[in-house]
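Below is one structure, written out as structure tokens; comments come after it.
What follows is calculated from the coordinates using simple rules that are stated; it is not laboratory data. Everything numeric here is computed off the predicted structure, so don't read it as measured data. Note that we place each Cβ from the backbone using ideal geometry, even for glycine, and neighbour counts take in every protein chain shown.
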Amino acid sequence: MTDTTKAAVDQNIVTFVIKVNEICILGTYIDKPTIFGYTIFEVLGTADPTDLEEKQMASINIPQPEPGSITFEHVWTALMENREQMKETDQRMKEGEQQMQELREQMKKTERQLGKLGNRFGEMIEYQVMPCLLEKFRELNFEFTKASPHTVIKDVKNNIRAQIDIILEDGDKVMIVEVKSKPTTEDITTHIERVEKVRDHARLRNDKRKYLGTIAGMIINDNERDFALKNGFYVAEPSGETFTILVPESPYTVREW
């Protein structure tokens, strides 16, 4: 890169032209400082600085600084400082891009770890939660003879889609179980809709069994527990090394679909 600089000093007002990579820039000093103390007013194109007419130099109407307050050396120094700061900014931007790339890689790694965690949670449902539920529901006089984890209903014709964590079945009852690490009221509301979809799908197949719902959670807050019971769901939560199942009681009742 080659720089050619021309400056005109008239009554201590400095108007300068700097040529960088064949681009001529006309600039001048103002007495109200900007970030660098100087302001570039006009880009004149690829003309040689010697071709600039004096009327172009004089056409800028600016406040005059106090006599003796500025010289060409001041202008040049400020421009060089500006260039160095631009280099530093460019370097920081490159470093920022590198940090963003590292962040993206970390996010991908986290997603992979979450995927593995989801798989393990599914295994926990199948091998730990489901057997405990069968045992505890047996204590409540349910004799479920079939247990199915990870069931998907996809009825395109009737626009019915649902994913069920656990289905427990006996002769005349079907229990639809949703398992969450920490269920929210939104999860419970979604489960109501899920049970309704499953029941609609069963009705289309002339399935006349009664459908019931359960919310199972590793951690269940009082508000969510009460909300689930209020909506007629059984609530299954850890108790020592097993589960305890809460049954909706007055003023609540078990809901059947």
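Observations, loosely collected:
- Using C-alpha pairs under 8 Å with a sequence gap of at least 6, the mean separation divided by the residue count of the stretch 198-250 gives a relative contact order of 28 percent.
- Quarter of the Cα convex hull surface for the stretch 125-246, i.e. its orientation-mean projected area (nm²): 7.3 nm²
- DSSP assigns beta bridges within the stretch 125-246; of those with both partners inside it, close to 60 percent run antiparallel.
- Kirkwood hydrodynamic radius (C-alpha pairs) into Stokes-Einstein, the stretch 125-192, 4 °C and 1.567 mPa s, D in µm²/s: 98 µm²/s
- Measuring against 20 Å, Cα to Cα, the residue pairs Lys180/Lys208; Lys180/Lys230; Lys146/Lys210; Lys146/Lys208; Lys154/Lys230; Lys146/Lys173 contain Lys180/Lys208; Lys154/Lys230 as the ones spanning a longer distance.
- Note on Asp200, Asp170: ascending count of other Cβ atoms within 10 Å places them as Asp170, Asp200, the fewest first.
- In order through the stretch 192-206: 3J(HN,Hα) via Karplus (6.51 cos²θ - 1.76 cosθ + 1.60), integer Hz, x for Gly, Pro: 4, 5, 5, 4, 4, 5, 4, 5, 4, 5, 5, 5, 5, 9, 6
- Student exercise, the stretch 155-204 dipole from Lys, Arg, Asp, Glu Cβ charges, in Debye to nearest 20: 140 debye
- Trypsin sites (Lys or Arg not before Pro) lying in DSSP loop within the stretch 135-236, provided at most 10 other Cβ fall within 10 Å: Lys157, Arg205, Lys208
- Packing around the peptides 231-241, 245-255, taken as the average count of other Cβ atoms within 10 Å per residue, puts them in this order, highest first: 231-241, 245-255.
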